[in-house]
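*Asks:* This is the structure, below, for whatever I ask next.
Since every read-out is calculated from the coordinates, none of them should be taken as a lab result. Fair warning: this is a prediction, and the values are worked out from it, not measured in the lab. In this analysis, Cβ positions are derived from the backbone assuming ideal geometry, glycine residues included, and neighbour counts consider all displayed protein chains.
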Amino acid sequence: MKKKARYIGIGTLAVTALIAASPAFALSAQKAGAKGWTEQSESVMNIQDNQDDGRWVKAEYIRTSDPHNKKTLWNKQDVDGNDPEDQDNWKSDNDGNPRTVESGNGAYIVRMKVCEYAPNYPDDCSGWVYN
């Protein structure tokens, strides 16, 4: 009986170690001119505007610390239709990605989607991406 309990305990420990060692992958989504991704172990949200069309983009996301409250990260940089080749007016995130807004570091992000804002119409959004 002791021998069987020891094998069960070792098996449980091995499975737990494998799960804990599994790599986490960043979430990402893209729709229309909006591209979003997580980084820093899914604790930072990024939203990038990939089209020079004058439309704002946003990322909506949920953190483990507040699972019933959807957060929104706006990127309103490209409101004047600047020439996409004119990078002098583009702002970058901490990693140097142009036309990108980055959230602060926080709790783990469990799901996200990205949207291109469409005034007076429903926003053009990706589906929810889950971790």
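*Asks:* Once all Cα-Cα distances of region 23-69 are split into 10 Å bins that start at 0, what whole-number percent is in each one?
*Replies:* Taking all Cα pairs of region 23-69, the binned fractions are 24, 48, 24, 4 percent.
*Asks:* Fewest first, what order do VAL129, VAL57 take by the number of other Cβ atoms within 10 Å?
*Replies:* Fewest-to-most Cβ neighbours within 10 Å comes out as VAL129, VAL57.
*Asks:* Same structure again: Quick check for region 25-130: number of Lys pairs with alpha-carbon distance under 17 Å, counting only pairs 8 or more apart or on different chains?
*Replies:* Qualifying lysine pairs in region 25-130: 17.
*Asks:* Compute the signed sum of charges (Lys and Arg +1, Asp and Glu -1) over the other residues within less than 12 Å, Cβ to Cβ, of LYS70.
*Replies:* Surrounding charge for LYS70 is +3.
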